[in-house]
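The values are calculated or read from the model by the stated rules, or taken from the named source; none is laboratory data. Just so it is clear, the model here is predicted, and its values are computed rather than measured. Reconstructed Cβ throughout: ideal geometry from the backbone, glycine too, with neighbour counts over all protein chains shown. To get the accessible areas, we keep the full protein, side chains included, count just its heavy atoms, and leave off ligands, DNA and RNA. Shrake-Rupley method; radii C 1.70, N 1.55, O 1.52, S 1.80 Å.
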Amino acid sequence: MGQTLPQRLYLLCYSVDQGKFEAVNLQGLGQLLRAGALAELTLDGLLTADRGRVLRHAAEPPGDHFLAEVWRDVPEEPTHWLRIVHHKAATAEQPVRDQLAASGAVTLPRRRGPSPLASHHVTVNDPQQVLALRETVRETVVAGLDPAALPADALAMAVLPVECERTSVFTRRELREHRLTLRAFAERLDELVPGLRRALRDSFLLSRHAGGVGSAGHAGGVRGA
């Protein structure tokens, strides 16, 4: 698809059956997108996880605007993942959404209504593409594939949304049924990007505690990893 990890995570939160982003899948969306960017930057060698913290390498910033913005937010001295995931989370959605609109993947609403959810009323122009992405992620988990054999971005797409309690990919029943597979996926992702997943979960819980869209309680993230 030629899309960044944050862009694919954004599309995974879209409910094709409902033709919209459901409110339950909007809580913590900014944190999820920033975590996706941090995962991609780390896997590309632009960031390093150091004893549960993260630091930025002295290098040229990535070409993608959103990835570059997140990369610049990381200092060159080790800092806590949580600070970077939580920082600017409220403004993370717009640049990713605008990128997808510029590529023709989504169409933005012509006018913003009075509702705080109005900016989320985007139209996905190729729902089948989103369904294919969702089914690819689902298949890795339902089939119980070996996490060590999976690409790192596939692990991230399966694991990170669970930490923010998305319901657009797996039902709560499926999360229970496949909890051991998801735990194995999470453990493998933790080896590749240590500390990020826990920071995302903590940031999501902080935002939910503060209230806002989709703040009702749901089944928890991946535990035991």
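Brief remarks follow.
- Sulfur and carbon atoms: percent of accessible area, the chain [1.4 Å]: 49
- Relative compactness, the range 5-75, computed as alpha-carbon Rg over 2.2 N^0.38 Å: 1.27
- Cα→Cβ-extended label distance, 7 Å offset, between T171 and A143, nm: 2.2
- Here the calculated FRET efficiency for D50 and Q128, from their Cβ-Cβ distance with R0 = 30 Å, stands at 0.10, rounded to the nearest 0.05.
- Solvent-accessible ranking of V16, V193, largest area first, probe 1.4 Å: V16, V193
- V106 long-range amide H proximity, modeled H, under 5 Å: A101, N125
- Normalised per residue, the accessible area of the chain is 48 Å², obtained with a 1.4 Å probe and no contribution from ligands, DNA or RNA.
- Burial ranking of peptide ranges 57-67, 35-45 (average Cβ count within 10 Å, highest at the top): 35-45, 57-67
- Taking a sphere under 10 Å around the Cβ of D73 and counting the other residues whose Cβ falls inside, with K and R at +1 and D and E at -1, yields a net charge of +4.
- E77 accessible area, 1.4 Å probe, all protein chains in place, Å² to nearest 10: 110
- Principal axis box of the chain, alpha-carbon based, largest edge first, Å: 44, 40, 35
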